[in-house]
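Encoded as structure tokens, the structure appears first; notes follow it.
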Amino acid sequence: MLKKVAILANGGDVSGFNAVIRSIVKTAEQNNVECYGFIEGYKGLLENNYIRLDTFNTASGILHKGGSIIGSSTNSNVFNYKVEENGQVVYKDLSDKCVQNVKDDGFDCVFTLGGDGTQKSARDFSLKGINVIGVPKTIDNDVACTEITFGYNTAVSVAAEAIDRLHTTGETHHRIMVLEVMGRYAGWIALESAIAGGADVALIPEIPYDINKAAEKIKDRERKGKRFSVVVVAEGAAPKGGEITVEGTRDNGAGVDNTKLGGVGPRVAKELEKLTGLEARNTTLGYMQRGGTPTAFDRVLSTKYGAKAMELALEGKFGTLAVIKDGKLDSVSLEDVVGQNKVIGAVSGNTQESNIRKVTMDHDLVKTARDIGICLGD
């Protein structure tokens, strides 16, 4: 009999976090289940820091709000956690403490709202006997086994609006306008926003680009009287035979992605300016994609995900991820989500073992982009 559950939000913030939280809480209340929230994701789980959630107080009026009322952590791999002992930094597996906290608190299930790294840890906790159910979150839309993640539609909408605005400046001043969007290893945001915003070039991580192909597209437009162009580039896009553009690295321990991407937009703008003779300007959209009010689509999707997650818990279907499959709510095993990334503690990263959902060349978005003449750099 389910009596008491907890929610944690982990990874980068997205619009829709609160809508999922609200939906889980409301569905729990409909079934006389108490709901709690760990503060700052797995960090809160480790520190046993949580609050009571209910729709008349703490979880009231949050459907339209961005961010997370219970916070989120981006660097808390509790299976390899960074701690300081005797003035030195060491890494320890503190997952057993988390397991004990869940047992001591009497939580019958923990809902994990997050991306591939979050769900990898969720799977690892399920192997340690904790009842977990995941909800797929990331603006990159790259969680395996589901057709769409919450937060993605809002990010695409923000990017498409930015393209609209860049269009007018580019047309007025006869410039190449480059927009760098998020997308470390998957180009969903860049590709879909390029189609929605009417961009001329879209460079994504899945297709190593030839900058000369992009330049030729722009010069061809100029020959036909179009003296401006709009280029969308994902932060993880890389040239043929080259590497992704890295701004720096962090030291947040093993099992989290310590690579800080950034700079491909200015790089592409500079190269295109040199090859075409047109002025080029870059805009890096950055965290604008993550924050703010979720779209109506994301509010509905988040609510559906939250309700489905609670339904799975009530049915005792633990160790699963709520997903959209063939356009309908469903669930899959967390084992399927992590794929070959089986080593406990190895959370995320673009390795051969990671089961990240990437853009495939036979996807409708790729076909559509090519059909309407968007250059993909190949």
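Laboratory data are not the source of any read-out in this text; all were calculated from the coordinates shown. None of the values given here were measured: they were computed from a predicted structure. Every residue, glycine as well, gets a Cβ built from its backbone with ideal geometry; the counts of neighbours run over all protein chains shown.
When you filter the trypsin sites (Lys or Arg not before Pro) in region 271-378 for DSSP loop state and at most 15 other Cβ atoms inside 10 Å of their Cβ, you are left with Lys317, Lys342. When both region 210-251 and region 62-131 are represented by their alpha-carbon centers, they are found 38 Å apart.
Just for the chain, what percent of DSSP beta bridges are antiparallel, to the closest 5? It would help to have the intermediate numbers written out before the result.
Numbers: 18 of 52 bridges.
Antiparallel: roughly 35 percent of the beta bridges in the chain.
State the extension gain, in nm to one decimal, for the chain segment bounded by Asp93 and Glu47, taking 0.36 nm per residue of separation less the distance between their alpha-carbons.
On the way: separation 46, 0.36 × 46 = 16.56 nm, distance 1.39 nm.
Stretched out fully, the Asp93 to Glu47 stretch lengthens by 15.2 nm.
Comparing Asp210, Asp362, Asp140 in a Gaussian network model of the chain (Cα springs below 10 Å), the most mobile by mean-square fluctuation is Asp362.
Send over the per residue convex hull volume for region 128-242, Cα only, as a whole number of Å³. Can you show the working numbers first?
Values: hull volume 12.5 nm³, N = 115.
Enclosed volume per residue, from the Cα hull, is 109 Å³.
For helix 188-197, what angle does its Cα long axis make with the longest principal axis of the chain, in degrees from 0 to 90 and rounded to 10? Orientation of helix 188-197: about 50 degrees from the principal axis. Each of Ala190, Thr169, Asn341 was scored by the projection of its Cα onto the charge dipole of the chain, and the greatest displacement toward the positive side belongs to Thr169; charges sit on the C-beta of Lys, Arg, Asp and Glu.
Quick check on packing: order 33-42, 9-18 by the mean number of other C-beta atoms within 10 Å, highest mean leading.
On the way: 33-42: 23.7, 9-18: 26.5.
Ranking, from highest mean packing down: 9-18, 33-42.
On the beta carbon distance between His363 and Lys128, with R0 = 30 Å, the FRET formula returns roughly 0.25. Only one residue of Pro266, Leu321, Val132 has its Cα farthest out toward the positive end of the dipole of the chain, where Lys and Arg carry +1 and Asp and Glu -1 on Cβ, and that residue is Pro266. Name the residue farthest towards the positive end of the dipole of region 1-114 from the options Asn49, Val110, Val14, assuming +1 on Cβ of Lys and Arg, -1 on Cβ of Asp and Glu, about the Cα centre. My answer, from the dipole projection, is Val14. Taking the longest Cα principal axis of the chain as reference, the axis of helix 152-173 is set at about 20 degrees. Quick one: angle between helix 296-314 and the longest Cα principal axis of the chain, in degrees between 0 and 90, rounded to 10, please. Helix 296-314 and the main axis of the chain meet at about 30 degrees. Rounded to the nearest 20 debye, the dipole magnitude of the chain is 580 debye, with +1 charges on Lys and Arg beta carbons, -1 on Asp and Glu beta carbons, and the Cα centre as origin. In plain terms, the bigger the Kirkwood radius, the slower the diffusion; for region 1-152, with that radius from Cα pairs, at 37 °C and 0.692 mPa s, Stokes-Einstein puts D at 210 µm²/s. Cα-based values for region 181-294, radius of gyration first and Dmax second, are 15.0, 53 Å.
The charge dipole of region 49-152, taken about its Cα centre with unit charges on the Cβ atoms of Lys, Arg (+1), Asp and Glu (-1) only, comes to about 100 debye.
In the frame of its principal axes, region 188-243 has Cα extents of 34, 26, 12 Å, reported largest first.
Per-residue Karplus couplings for region 240-247, computed as 6.51 cos²θ - 1.76 cosθ + 1.60 with θ equal to phi - 60°, are listed in order as 4, x, x, 10, 5, 8, 10, 7 Hz, Gly and Pro entered as x. What residues of region 3-31 lie in the reach of a label at Thr293, counting those whose backbone N is under 18 Å from a point 7 Å from the Cα along Cα→Cβ? Answer for region 3-31: 14-20.
To check you understand DSSP bridge types, tell me what percent of the beta bridges within region 66-158 (both residues inside) are antiparallel, rounded to 5.
Values: 5 of 11 bridges.
If I count the DSSP bridges inside region 66-158, around 45 percent turn out antiparallel.
Of the GluC sites (Glu not before Pro) in region 309-378, the ones in a loop by DSSP (not H, G, I, E or B) with at most 15 other beta carbons within 10 Å are Glu315, Glu353. Taking 20 °C and 1.002 mPa s as conditions, region 284-378 diffuses translationally at an estimated 127 µm²/s according to Stokes-Einstein applied to its Kirkwood radius (Cα pairs). Extending 7 Å from the Cα toward the beta-carbon at both Leu329 and Phe56 defines two label points whose distance is 2.5 nm.
Here the peptides 191-201, 59-69 are ranked by packing, the mean other Cβ count within 10 Å, and the order with the highest first is 191-201, 59-69.
Put in line by how crowded their Cβ is, counting other Cβ atoms within 10 Å and starting with the fewest, Leu94, Leu301 read Leu94, Leu301.
Only counting other Cβ atoms within 10 Å, I'd like Met361, Met310 sorted with the fewest neighbours first. Before the final figure, lay out the partial values.
On the way: Met361 11, Met310 27.
Exposure proxy ranking, most exposed first: Met361, Met310.
So for the chain, averaging the separation of alpha carbon pairs under 8 Å that are six or more residues apart and normalising by length, what relative contact order in percent results?
Values: 915 pairs, mean separation 84.5, N = 378.
For the chain, the relative contact order is 22 percent.
The string of couplings for region 225-239 from the Karplus curve (6.51, -1.76, 1.60, θ = phi - 60°) is x, 8, 8, 8, 8, 10, 10, 10, 9, 6, 4, x, 5, 9, x Hz, one whole number per residue in order, with x for Gly and Pro. Are any of the pairs Lys226/Lys367; Lys26/Lys317; Lys217/Lys240 more than 21 Å apart by Cα-Cα distance, and if so, which? Table pairs above 21 Å Cα-Cα are Lys226/Lys367.
For the chain, what is the mean residue ellipticity at 222 nm derived from helices alone (per DSSP H run of n ≥ 4: -39500 (n - 2.57); sum divided by total residues; nearest 500 deg cm²/dmol)?
Details: 11 runs with 134 residues, N = 378.
Theoretical 222 nm ellipticity from helices: -11000 deg cm²/dmol.
Computed packing ranks the peptides 106-116, 120-130 as 106-116, 120-130, most packed first, by mean other Cβ atoms within 10 Å.
Give the average over all directions of the projected area of the C-alpha convex hull of the chain, one decimal, in nm². Write out the running numbers ahead of the final one.
Values: hull surface 77.1 nm².
Orientation-averaged projected area of the Cα hull: 19.3 nm².
Summing charges over all other residues whose Cβ lies under 11 Å from the Cβ of Gly262, with Lys and Arg as +1 and Asp and Glu as -1, gives 0.
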